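For reference, the structure I am asking about is given below.
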Ligand SMILES: C[S@@+](CC[C@H](N)C(=O)[O-])C[C@H]1O[C@@H](n2cnc3c(N)ncnc32)[C@H](O)[C@@H]1O
């Protein structure tokens with residue numbers, strides 16, 4: 001389960017803000033790289049959350065989908081969402097890094113926005129600071145069939161430039177970076193676990209959230225709004241929240257909020273807020 005965020009509570013409002021951004025592109029990758037029709041491809045969605053990606057995979061034609069998550073609440077939402085796909089989808093409550101399935105079972109394993117919840121280093125210098133991520137990735141290797149693909153979707157180096165509050169909350173920002181594997185450490189780790197053809201794919205404009213919710217920073221003082229995004233937990237813990245709230249409120253009072261919003265989100269669409277690694281087990 002997440003080391004810093006309560007997904008049982010978050011499951012209630014999660015879908016008001018989050019979307020399965022890039023899911024169609026991911027399906028095209030699976031089919032193209034595996035040279036198989038999606039109906040022939042089995043996927044393990046590890047850390048599936050409320051099933052937004054899972055549902056999109058099923059809609060695209062994936063025929064066998066296994067969804068695991070450490071949160072009962074998130075998994076219940078996923079079950080409801082995928083109720084029309086009975087027989088094609090299996091759900092299991094399961095805590096990474098354990099992946100309790102037989103070896104060589106899946107064509108694809110996905111970790112979308114989950115690995116940063118597994119370890120909590122305060123500084124990250126190498127993948128050795130991420131022992132649970134390392135174990136989860138090596139378990140993914142084990143459960144993949146030869147020729148299978150691992151997809152990791154996360155926030156990597158350049159995506160940090162999309163974080164609007166980064167310059168104002170340096171402690172939380174550094175903590176956020178430390179939780180995540182950077183690109184070079186991810187490449188080293190994937191290779192160590194046996195993966196080949198390691199490729200990083202970035203899509204300008206990639207946005208995990210519904211922009212109509214995410215960009216409403218005038219709501220930063222509202223705990224219900226902040227609860228949509230685990231990043232605000234880091235600001236609450238760092239003691240920088242009041243400064244951020246005051247800054248936004250000052251801009252509201254002075255009538256400069258729109259100028260402020262445009263400035264702080266200047267980089268967002270250029271770098272996107274997430275990107276992915278794809279790699280292969282030979
Ligand atoms: C940010 S959400 C991502 C959900 C989904 N993959 C998506 O992209 O919409 C992170 C998910 O990881 C799950 N999670 C966190 N730690 C976990 C662990 N140790 N094992 C399994 N799931 C975990 C949480 O319960 C939550 O559903």
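The values are calculated or read from the model by the stated rules, or taken from the named source; none is laboratory data. If you're wondering where the values come from, they're calculated on a predicted model, not measured in any experiment. FYI the Cβ positions are ideal-geometry reconstructions off the backbone, even for glycines, and counts take in every protein chain you see.
Given the structure, is residue 188 assigned to a helix (DSSP H, G or I), within 28 Å of residue 43 (Cβ to Cβ) and either over 19 Å from the mean Cα position of the chain (by Cα) or modelled with pLDDT of 95 or more (or both)?
yes
Going by what's in this entry, would residue 119 be described as crowded, with 21+ Cβ neighbours inside 10 Å, in a loop (DSSP other than H, G, I, E, B) and out of contact with any strand residue (DSSP E or B) (no Cβ under 6 Å at 6 or more places or on another chain)?
Judged against the criteria, residue 119 is a match.
Those residues that are surrounded by fewer than 19 Cβ atoms within 10 Å (Cβ to Cβ), part of a loop (DSSP other than H, G, I, E, B) and at negative phi, I need them from the range 248-276; list them, please.
254, 256, 265, 266, 267
Which residues, taken from the range 185-207, are surrounded by 14 or more Cβ atoms within 10 Å (Cβ to Cβ), touching a strand residue (DSSP E or B) at 6+ places or on another chain (Cβ under 7 Å) and closer than 24 Å to residue 125 by Cβ?
Hits for the range 185-207 are 186, 187, 190, 195, 198, 200, 202.
I want to confirm something. Restricting to the range 163-182 and keeping residues that are under 15 Å from the mean Cα position of the chain (by Cα) and in a helix (DSSP H, G or I), which single residue is surrounded by the fewest Cβ atoms within 10 Å (Cβ to Cβ)?
Result: 177.
Right, here's the next one. Residue pairs, Cβ under 7 Å, 6 or more apart or interchain, first in the range 47-62 and within 13 Å of residue 80 (Cβ to Cβ) and in contact (Cβ under 8 Å) with a residue 12 or more places away in the chain, second more than 10 Å from the ligand (Cβ to nearest atom) and part of a loop (DSSP other than H, G, I, E, B). List them.
51/82; 54/82; 55/82
Name the pairs: first residue in the range 1-27 and over 17 Å from residue 77 (Cα atoms) and at pLDDT 90 or above, second residue near the ligand (Cβ under 10 Å from one of its atoms) and part of a loop (DSSP other than H, G, I, E, B), Cβ to Cβ under 6 Å, at least 6 apart or on different chains?
The qualifying pairs are 21/208.
Restricting to the range 142-154, count the residues that are over 16 Å from residue 33 (Cβ atoms) and either within 14 Å of the ligand (Cβ to nearest atom) or touching a helix residue (DSSP H, G or I) at 6+ places or on another chain (Cβ under 9 Å) (or both).
1
Residue 77 - would you say it is touching a helix residue (DSSP H, G or I) at 6+ places or on another chain (Cβ under 9 Å), within 30 Å of residue 231 (Cβ to Cβ), modelled with pLDDT under 95 and surrounded by fewer than 22 Cβ atoms within 10 Å (Cβ to Cβ)?
When the stated conditions are applied, residue 77 does not pass them.
Exactly one condition in (1) within 16 Å of the ligand (Cβ to nearest atom); (2) closer than 17 Å to residue 46 by Cα; (3) out of contact with any strand residue (DSSP E or B) (no Cβ under 6 Å at 6 or more places or on another chain) is false for residue 163; which is it?
In the conditions (1) within 16 Å of the ligand (Cβ to nearest atom); (2) closer than 17 Å to residue 46 by Cα; (3) out of contact with any strand residue (DSSP E or B) (no Cβ under 6 Å at 6 or more places or on another chain), residue 163 misses (2) alone.
Name the residue, out of 171, 217, 201, that is over 30 Å from residue 239 (Cβ atoms) and touching a residue at least 40 places away in the same chain (Cβ under 8 Å).
201
Is there a residue in the range 208-215 that is surrounded by fewer than 21 Cβ atoms within 10 Å (Cβ to Cβ) and part of a loop (DSSP other than H, G, I, E, B)?
yes
Determine whether the range 229-237 contains at least one residue that is over 19 Å from the mean Cα position of the chain (by Cα) and either surrounded by 19 or more Cβ atoms within 10 Å (Cβ to Cβ) or free of Cβ contacts under 8 Å to residues at least 40 places away in the same chain (or both).
yes
In the range 2-105, which strands (runs of 3 or more DSSP E) lie fully inside it and hold 3 or more residues that are within 15 Å of the ligand (Cβ to nearest atom) and under 15 Å from residue 149 (Cβ atoms)?
Result: 42-46.
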